[in-house]
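Peer 1: I'd like to ask you about the structure that follows.
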Amino acid sequence: MTEKLWGGRFAAATDALVEQFTASIAVDQRLFREDIQASIAHARMLARVGVLTEVEASAIVHGLRRIEEEIAAGSLPFTDRLEDIHMHVESRLIELIGDVGKKLHTGRSRNDQVATDMRLYVRSAIDRLRALLYDLQWVLVDLASREADTILPGLTHLQVAQPITFGHHCMAYVEMFRRDSDRLADARRRVNVLPLGAAALAGTTFPIDRWDVARQLGFDHLAENSLDAVSDRDFLLEVAADLGILAVHLSRLAEELVYWMSTNVAFIDLPDAFCTGSSIMPQKKNPDVAELIRGKSGKVMGQLVALLILMKAQALAYNRDNQEDKAIFFTAVDEVEMSLALLVRMLPGLQTRPERMRAAALEGFATATDLADYLVRRGVPFRDAHAVVGRAVRLAQERGVGLEQLSLADLEAISPAIDATALEVLSLEGSVAARNHLGGTAPAQVRAAIARARQRLEQE
Ligand code: ARG
């Protein structure tokens with residue numbers, strides 16, 4: 001006969017392949033602490049409202065604590081026959097403390113139990129991710145501070161556009177990761193809602209005190225509809241979307257690291273400890289960590305789509321489909337967490353090669369806009385100035401020189417508005433220093449942005 005905790009109405013044993021197919025223990029075992037924490041809160045509440053005696057509740061709590069230690073030590077064997085983490089904990093409890101253990105599930109279902117476990121898990125995952133985003137912002141701010149004056153060719157269309165500073169570029173990522181962190185903090189408010197009490201879908205006949213459980217578990221609100229409580233997974237969708245956006249940012253940074261380290265670009269060097277070699281080419285030092293961050297970012301985005309598809313068109317309330325949410329969500333969290341942790345360790349060792357960046361900035365007529373702005377200050381309408389400088393660029397290109405290498409006579413021939421003072425605006429340093437307003441790339445502004453970021457981070 002069947003030994004399932006739900007086996008009463010079954011005459012025959014479960015098919016072995018069905019057990020394998022329906023089991024989730026391989027994935028949801030990582031929820032054991034949350035599951036036990038929520039069960040302890042539930043048992044205590046049941047005693048407070050008189051459904052359990054104090055003696056029964058404390059036997060349950062002690063048993064659960066012991067199971068937590070067993071699982072942490074790896075001494076509780078897992079089996080597909082017991083489906084998921086909830087059944088493993090409950091059946092071990094009954095094994096340890098006998099019939100009293102059978103009372104734990106009073107007024108509760110695995111449906112509200114698993115939703116509660118996941119919310120507890122997501123809450124702490126958000127806290128871990130935000131701590132990493134915090135560290136990453138610090139690392140980038142420190143790098144920006146070190147490289148506040150370092151000229152980097154700013155690109156659009158991957159073509160040299162205007163000179164910027166490496167520090168300014170780092171601070172752009174600080175802005176992105178700050179918003180990622182804020183988004184997660186915002187989602188956390190909606191995650192931190194207690195589903196327990198919804199039972200299977202309709203609530204329970206026992207006089208439960210849901211606020212008591214919420215307080216024990218640190219939830220700020222109660223789910224206000226039992227059907228929604230057990231079937232909603234939009235708290236996962238929302239966080240997965242936040243992770244997808246974060247992964248976009250990670251992928252862009254990773255791509256830039258790869259590009260900057262490319263042999264023919266060689267703007268930076270990454271530390272040996274974060275690069276790998278080639279099995280055949282002895283000279284190689286490859287930025288594999290950055291490449292994998294770029295690669296895994298796609299996987300994270302894919303998890304968001306997988307979750308959306310999993311949830312779409314599910315009739316209320318709980319469906320077993322939802323069990324699949326965990327593998328999907330855990331993958332997204334794991335990949336982002338690892339990527340963030342690696343960047344936090346790798347980026348402090350990034351070495352810039354200022355002479356390479358400078359040379360590249362000089363090559364692409366990066367100060368052409370500065371010359372046009374100069375002409376505007378001398379009364380030439382911008383659109384005309386644009387055309388004049390375009391001609392100067394063409395001349396410089398024909399001669400194979402930079403704009404600043406054209407003679408004054410050449411420049412004056414192109415426009416009478418040009419005189420010797422034009423040469424100053426053609427320098428890279430002059431160009432960046434001139435963009436001196438909030439948000440601009442002038443080193444003074446980068447330093448101000450760094451100071452603001454440090455102050456904000458210190459207050460977080
Ligand atoms: N393991 C399931 C999940 O993760 C919870 C079990 C609910 N099962 C059920 N037949 N109602 O969603």
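The values are calculated or read from the model by the stated rules, or taken from the named source; none is laboratory data. Predicted, not measured: the structure shown is a model, and the values here were computed from it. Every residue, glycine among them, receives a Cβ derived from its backbone with ideal geometry; neighbour counts consider all protein chains shown.
Peer 1: Can you tell me which residue in segment 92-106 is farthest from the ligand (Cβ to nearest atom), limited to those that are surrounded by fewer than 20 Cβ atoms within 10 Å (Cβ to Cβ) and outside any helix (DSSP H, G or I)?
Peer 2: 106
Peer 1: Can you find even one residue in segment 444-460 that is touching a His at 6+ places or on another chain (Cβ under 9 Å) and not hydrophobic (A, V, I, L, M, F, W, C)?
Peer 2: yes
Peer 1: Next up: Taking the options 57, 41, name whichever one is within 26 Å of residue 212 (Cα to Cα) and in contact (Cβ under 8 Å) with a residue 24 or more places away in the chain.
Peer 2: Exactly one residue qualifies, and that residue is 41.
Peer 1: Provide a single number: the residues in segment 4-32 that are touching a residue at least 40 places away in the same chain (Cβ under 8 Å), hydrophobic (A, V, I, L, M, F, W, C) and within 12 Å of the ligand (Cβ to nearest atom).
Peer 2: 6
Peer 1: Does residue 241 count as outside the structural domain of residue 85 (by TED's automatic domain parsing), at pLDDT 95 or above and within 26 Å of residue 358 (Cα to Cα)?
Peer 2: no
Peer 1: Do we find that residue 83 is over 30 Å from residue 179 (Cα atoms) and within 16 Å of the ligand (Cβ to nearest atom) in this structure?
Peer 2: Here the answer is yes, as residue 83 does meet what is asked.
Every residue, every condition in (1) more than 15 Å from residue 116 (Cβ to Cβ); (2) in contact with a Pro (Cβ under 8 Å, 6 or more places away or on another chain); (3) modelled with pLDDT under 95, yes or no:
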site: 16; (1), (2), (3): yes, no, yes
site: 26; (1), (2), (3): yes, no, no
site: 32; (1), (2), (3): no, no, no
site: 44; (1), (2), (3): no, no, no
site: 50; (1), (2), (3): yes, yes, no
site: 53; (1), (2), (3): yes, no, no
site: 58; (1), (2), (3): yes, no, no
site: 74; (1), (2), (3): yes, no, no
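Peer 1: Just the residues that are closer than 21 Å to residue 257 by Cβ and either among the aliphatic types (A, V, I, L, M) or within 16 Å of the ligand (Cβ to nearest atom) (or both), please, taken from segment 320-352.
Peer 2: 336, 338, 340, 341, 342, 343, 344, 346, 347, 350
Peer 1: Would you kindly identify the helices (runs of 4 or more DSSP H) lying entirely within segment 357-420 that contain at least 2 residues that are aromatic (Phe, Trp, Tyr)?
Peer 2: Fully inside segment 357-420 and qualifying: nothing.
Peer 1: Can you pull out the residues in segment 411-460 that are over 27 Å from residue 387 (Cβ atoms) and among the β-branched types (Val, Ile, Thr)?
Peer 2: Across segment 411-460, the qualifying residues are 446, 450.
Peer 1: Turning to a different aspect of this structure: Among (1) in contact with a strand residue (DSSP E or B) (Cβ under 7 Å, 6 or more places away or on another chain); (2) outside any helix (DSSP H, G or I), which single condition is residue 76 missing?
Peer 2: (1)
Peer 1: Do we have residue 341 as surrounded by 14 or more Cβ atoms within 10 Å (Cβ to Cβ), in contact with an Asp or Glu (Cβ under 9 Å, 6 or more places away or on another chain) and either without any contact (Cβ under 8 Å) to a residue 24 or more places away in the chain or more than 22 Å from residue 136 (Cα to Cα) (or both) here?
Peer 2: Spelling it out, it is not the case that residue 341 is surrounded by 14 or more Cβ atoms within 10 Å (Cβ to Cβ), in contact with an Asp or Glu (Cβ under 9 Å, 6 or more places away or on another chain) and either without any contact (Cβ under 8 Å) to a residue 24 or more places away in the chain or more than 22 Å from residue 136 (Cα to Cα) (or both).
Peer 1: Moving to a separate point now. Can you work out which of the residues in segment 58-80 that are loosely packed, with under 15 Cβ neighbours inside 10 Å and among the polar types (S, T, N, Q) is nearest to the ligand (Cβ to nearest atom)?
Peer 2: 79
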